[in-house]
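Right, one structure below, let's go through it.
The values are calculated or read from the model by the stated rules, or taken from the named source; none is laboratory data. Everything numeric in this text was worked out from a predicted model, so none of it was measured. Here Cβ is always computed from backbone atoms with ideal geometry, including for glycine, and neighbour counts include all displayed protein chains.
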């Protein structure tokens, strides 16, 4: 089996209307579908919900469930907040920086831009507490190929030691700026 693409990714939200309006206002993602049911189609479980679908561009859909009869949303207390996030690609550094300024102007706290060698990104939270990342590809020629050649060696070393391999230390120590022009 070969997957064609991700059909949609779904998260929980605290308020579907607030979420749809926030994503449209701050990220330009249009609401494309709303579905409400009193029971879950896959399980038959009685559990009323609102399910919304937002256009994330290029056929990508971001979906949310509002579950009014369930306990308030929480997060895994054993997972650092920076780990679980949704990264969305933008077309240019200008677009990234304009989005950053619009978010800041709207009172949203933004971290970054952060240089990840292959891309630069900013981080912020939606109204339900989901961490979002906007990313712009900035990698120089040859970077992806260099990383591709290392990927399995790095993963094997990690699996054996649980220590960060140094094969691609150039990504965050600044050497990538000189190595890949």
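Kindly provide the set of residues from region 144-181 that are surrounded by 15 or more Cβ atoms within 10 Å (Cβ to Cβ) and either under 24 Å from residue 81 (Cα atoms) or under 22 Å from the mean Cα position of the chain (by Cα) (or both), ordered by number.
Listed by number, the residues that qualify are 147, 165, 171.
Tell me the residue from 4, 21, 14 that is surrounded by 14 or more Cβ atoms within 10 Å (Cβ to Cβ) and either more than 19 Å from residue 89 (Cβ to Cβ) or at pLDDT below 95 (or both), please.
14
Regarding residue 134, is this residue crowded, with 17+ Cβ neighbours inside 10 Å, touching a residue at least 12 places away in the same chain (Cβ under 8 Å) and assigned to a strand (DSSP E or B)?
Yes.
What pairs come out if I take residues in region 71-83 that are touching a residue at least 24 places away in the same chain (Cβ under 8 Å) and pair them with residues that are surrounded by 10 or more Cβ atoms within 10 Å (Cβ to Cβ) and in a loop (DSSP other than H, G, I, E, B) whose C-beta lies under 6 Å away, six or more apart or interchain?
Close Cβ pairs (under 6 Å, with a partner that is surrounded by 10 or more Cβ atoms within 10 Å (Cβ to Cβ) and in a loop (DSSP other than H, G, I, E, B)) amount to 73/14.
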